[in-house]
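Bear in mind these aren't lab numbers, they're just calculated from the coordinates by the rules spelled out. As the structure is a prediction and not an experimental result, all values here were calculated from the model. Using ideal geometry, Cβ is built from the backbone for each residue, glycine included, and neighbour counts are taken over all protein chains shown.
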Amino acid sequence: MNLRLIIFTRFPVPGKTKTRLISSIGKDAAAVLQREMTEHTVRQARKTGVEIEIRYTGGTVEQMRHWLGADLIYTEQGEGDLGERMQRACEDAFSEGLSKAVIVGSDCPFNDGKNLNDAFRSLESHELVIGPANDGGYYLIGLDRAVAMTPLFKNIEWGGEYVFAQTMRAASGLSVYQLPKRNDVDRVEDIPPKISVIVPTLNEEAHLSPTLEKVREGFGVEIIVVDGGSSDGTRSIFPNTIECKSGRAAQQNFGAEKASGDILLFLHADTILPDAWDRLVRETLADASVAVGAFRFKVRETFPGQKFIEDTANWRSVKGGLPFGDQGLFLRKETFEAVGGFPDMPIMEDYAFVRSLRHVGAVVTRPEAAITSGRRWQQHGVLKVTLVNKLMILGYRLGISPERLARFYRGR
């Protein structure tokens, strides 16, 4: 393939890494953050399918292999300033016959697999690719072998606010592709807020694993699985599953009570989040006017009537401001607590919950899709399920008790 992705990182020894953060969060927490960011970067890097090299400092090659895996290339960064070490990494890659090399740090959690793939793809038509950081530096730089002698890493004030600008001046005359601007983590305020993903379950053994696998791709994520009394193998899939009385509202409220994140995301066990979902959630809630967000609705399976289901659900979500739970509802924990959480109802809890949030702020449906199982429509028929769902909403709006609606719904 002749492509190499080079990750610069440091072995996470307390007191020796993320030193700018130690005064704010302590040396142990800083080391944990370094470990988590590096592991996240490697997970994203593996999505590219290219050769991965770890340029490390602060540990031994045995420690690095034990930590990140024996299938990667490990090389000590060596002496010199950051520019000299990056220059050496590129020269080594090109001396081995590789045609393109991309270098990233480990302190940009939002540099996801798609962004990395875009970087390599851009080098097919450009000589240089760069990802500017919000602090004036850059989180990614990649180049074609043909421009390896360009002095991109010399006379740069590393650690300053003009690194990107100085590098662009050094690249004058080259064809350059700029990736989206991203935050890297240098200050305590740069640390992304933790997201607690709450998954209520009841006999979801067949669906839970792929749902959690996608959740784990996120950075700074806490997973809380709340089981309502499964009789299959659901609880064995996630060892730290907690239990409470059955009922989605009760399970979600119990999970929220246990959550330590600043952001809550309520996710059905048969729903797969989109790529880079964690960045999308944080970007949406960075707007203080947003009360709750969700993803576009999409059904996993293909069957007659699928597009009708998706179109009507997305019209309701986007135009009507009423996304449902199978779209992945996310909001700030303080907002959740302010509205009192999900109402204790046997059905329609997500409908009532979102309606209450419309009085707090905007309801946003992102264009990226969460993919959910179409088993209900396949088992009971598209027309029947759609009709029953409409009757549930109508009945609730007319004041029929949720208990009575639940008996009708589950007796269908």
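Per the helix-only calculation at 222 nm, which mean residue ellipticity applies to the chain, given -39500 (n - 2.57) for every DSSP H run of n ≥ 4 and division by its residues, nearest 500 deg cm²/dmol?
Working: 16 runs with 158 residues, N = 412.
Mean residue ellipticity, 222 nm, calculated: -11000 deg cm²/dmol.
Using unit Cβ charges (K, R positive; D, E negative) and no other charged atoms, how large, in debye to the nearest 20, is the dipole of the chain about its Cα centre? The partial results should precede the final answer.
Working: 52 positive and 53 negative charges, 328 e Å.
With only Lys, Arg, Asp and Glu charged at Cβ, the dipole is about 1580 debye.
Taking the beta-carbon count within 10 Å as an exposure proxy, list 90, 244 from fewest neighbours to most.
Values: 90 22, 244 18.
Fewest to most other Cβ atoms nearby, the residues stand as 244, 90.
What is the magnitude of the charge dipole of the range 72-191 about its Cα centre, with +1 placed on the Cβ of each Lys and Arg, -1 on the Cβ of each Asp and Glu, and no other charges, expressed in debye to the nearest 20?
Working: 11 positive and 20 negative charges, 88 e Å.
For this selection, approximately 420 debye.
How high is the relative contact order of the chain, in percent, counting Cα pairs under 8 Å that sit 6 or more residues apart? Could the numbers behind the result be given before it?
Details: 755 pairs, mean separation 48.4, N = 412.
In percent, rounded to a whole number, it is 12.
Select from 264, 201, 339 the residue farthest towards the positive end of the dipole of the range 192-376; place +1 on Cβ of Lys and Arg, -1 on Cβ of Asp and Glu, and compute about the Cα centre.
Checking the options against the dipole of the range 192-376, the answer is 339.
Students often get this wrong, so try it: which of [x] 1.11; [y] 0.99; [z] 1.03 is Rg/Rh (Cα atoms, Kirkwood Rh) as calculated from the structure shown?
[z]
Given +1 on the Cβ of Lys and Arg, -1 on the Cβ of Asp and Glu, and no further charges, what dipole in debye does the range 30-112 carry about its Cα centre, rounded to the nearest 20? Before the final figure, lay out the partial values.
Values: 9 positive and 15 negative charges, 60 e Å.
It comes to approximately 280 debye.
Provide the descending list of Cα extents for the range 3-188 along its principal axes, expressed in whole angstroms.
Projected onto its principal axes, the Cα set of the range 3-188 covers 45, 35, 31 Å.
Round to the nearest 10 and give me the degree value, 0 to 90, for the angle of helix 82-95's Cα axis relative to the longest principal axis of the chain.
With rounding to tens, the tilt is 90 degrees.
Residue farthest toward the positive end of the dipole of the chain, with Cβ of Lys/Arg at +1 and Asp/Glu at -1: which of 237, 113, 89?
237
How far, in nm, would the chain grow between residue 162 and residue 242 when pulled straight, counting 0.36 nm per residue and subtracting the alpha carbon separation? Intermediate results must be reported in sequence, preceding the final value.
Values: separation 80, 0.36 × 80 = 28.80 nm, distance 4.92 nm.
Difference between extended and current length: 23.9 nm.
Averaging sequence separations of C-alpha pairs under 8 Å and six or more residues apart, then dividing by the length of the range 3-188, give the relative contact order as a whole percent.
Values: 334 pairs, mean separation 44.2, N = 186.
Reported as a whole number, the value is 24 percent.
Based on alpha-carbon centroids, what's the gap between the range 147-201 and the range 377-411 in Å, whole number please?
51 Å
Quick check: from the Cα gyration tensor, does the range 192-376 come out rounded (a/c under 1.5), prolate or oblate?
Rounded is the answer for the range 192-376, as its axis ratio a/c remains below 1.5.
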